[in-house]
Structure formats: C-alpha cells, structure tokens
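*Asks:* Here it is, the structure, as structure tokens.
Throughout, read-outs are computed from the coordinates displayed, never taken from laboratory work. Predicted, not measured: the structure shown is a model, and the values here were computed from it.
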C-alpha cells in the first residue's frame, strides 16, 4: 500500500538525501525543472535522468541517461513520466536498488507500484514534493544520520 499518512511521508522525506528525477527537463518552464530546483534548495542531491539531454548540465548536476548510470545509492526516484511510462521507470528503480519511488501528480500505475512494494521499496503516489514539503512543515530537508 502506498504511503499516505503524513508521518510516513514526512519520515521518508527526512530520511532521503539523494533523489533521481526521471523525466527531468532542461526547459525552465517545465514542472520537473522547478521541482528539481526546489528540492535542491531544500538540501537534497537531485540527479536528473533524461536520455535526450544526457551529458548536459541541469541545475548544476550532470544529466544521466538512465538510473543504471548512477553509481551511488539512490534513496528516492521521483517520476515525471506519463502513467503509461511510469512502470518502466519503477522497474528501473527496483533494478537500481532505490529505497523508494514517488510518482508525481496524475501519475498512476497500480501494477508497477505493487511490483515496487513487493521488491521492498516504499511508494508515494500522485503527490508532489514541492507541495508536500511545505505542507508537512519540513523546512530543513534531509536530516543527518
């Protein structure tokens, strides 16, 4: 069952340090670009994932083509893809050993979320961290371990 309780989402956001953003866009007007900047201001390391612009720099980070190209632990995969493409991103998150997946507003793939949970990943569905962080009062971003 995806995380829905405020305390569970808050815990996940506080424990998260590295976020891979699948579908990150280099276009400033796109939601993913704004959310990436917001998360960076909150203290998260955000690795942009987009095969179309791989190798370019986006908001100070080098864009990678896929989750498999990330050579460090991934705490959370934030998915900015259409619902019919979310499953492949979730499967890649499982393969990459991510701890959690987060689908943005309007992104639903119940079967893929079930696969993620069966693999031991936590999941947040149909939410945006740009909304949830202020709503939950998480002003300090990731917490030290």
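*Asks:* How many percent of DSSP beta bridges within the chain run antiparallel, rounded to 5?
*Replies:* 10
*Asks:* Tell me what the chain gives for mean residue ellipticity at 222 nm when only DSSP H runs of n ≥ 4 count, each as -39,500 (n - 2.57), the sum divided by the residue total, rounded to 500 deg cm²/dmol.
*Replies:* -10500 deg cm²/dmol
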